[in-house]
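Visitor: My questions all concern the structure below.
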Amino acid sequence: MFYNKKMAVLEIKKYPEKILKEKALPIEYIDGNIQRLMDDMIETMYALGGIGLAANQVGISKRICVIDISAIEEEMPLIVLVNPEIIEKKGSIESEEGCLSLPEYKTNVKRAEEVRVKGLDRKGMPIEIEGKGFLARALQHEIDHLDGLLLIDRISPIKREFFKKRYKKTMAGNK
């Protein structure tokens, strides 16, 4: 078993936990444990009001992410991606992002405006998703997590140092 099933909602790992900086391991096959993990990730994402979640954000080094942007784009269904990879990028746009692993922090991040992603769906079937706008941003954000990157890795070194200093002060104040 990968995690403590007694918890209804999985614990979100927060910066600077080591697993957030590590590249997640690919899924060899989708079994019952992986299906339960997907369900628990979806439940956790909804419980915390997120729009996306990567497995390493809940302490599990597996290349799985879940995304639901239906609060912003109503027609979009829940997306579950196994072993996702970006195969094409177009354009560039800068917009504000937040992250469950960096609570209460938002910053502008430059990303591709359109992406094409391939991977497997939750049944192990090949899938390709073309994302534009907000979906493109969410896909890139979650795949970054699986590659060991946080949104602070996408900002300037000066902004990153400012974040680290402020974060240390905030964490010291919460103890």
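Visitor: Between beta-carbons, use under 14 Å as the cut-off and find the net charge around residue 145, counting Lys and Arg +1, Asp and Glu -1.
Guide: Numbers: positive: 13, 14, 18, 21, 23, 62, 63, 111, 137, 154; negative: 17, 22, 85, 97, 142, 144, 147, 153.
Charge balance in the 14 Å sphere: +2.
Visitor: In whole Å and largest first, what semi-axes does the C-alpha gyration tensor of the range 18-173 yield when each eigenvalue is scaled by 5 and square-rooted?
Guide: Numbers: eigenvalues 123, 71, 42 Å².
For the range 18-173, the semi-axes come out at 25, 19, 15 Å.
Visitor: Right, something else. In nanometres, what is the gap between the two model label sites at residue 73 and residue 22, each 7 Å from Cα along Cα-to-Cβ?
Guide: 3.3 nm
Visitor: Sort 10-16, 154-160 by the packing proxy (mean of other Cβ within 10 Å over each peptide's residues), most packed first.
Guide: For the peptides 10-16, 154-160, the packing ranking is 10-16, 154-160.
Visitor: Based on the mean of other beta carbon atoms within 10 Å per residue, what is the order of 64-77, 23-36, 139-152, most packed first? Don't jump to the answer; show the numbers that get you there.
Guide: Details: 64-77: 16.8, 23-36: 13.6, 139-152: 21.4.
Top of the packing list down: 139-152, 64-77, 23-36.
Visitor: Given the -39500 (n - 2.57) contribution per DSSP H run of 4+ residues, what per-residue ellipticity at 222 nm results for the chain, rounded to the nearest 500 deg cm²/dmol? Don't skip to the answer; put the middle values down first.
Guide: Values: 3 runs with 47 residues, N = 175.
Result for the chain: -9000 deg cm²/dmol, rounded to the nearest 500.
Coordinate-derived values only; no laboratory data. In this text, all values refer to a predicted model and were calculated from it rather than measured experimentally. Don't worry about glycine lacking a Cβ; one is built from the backbone with ideal geometry, like all the others, and counts go over all protein chains shown.
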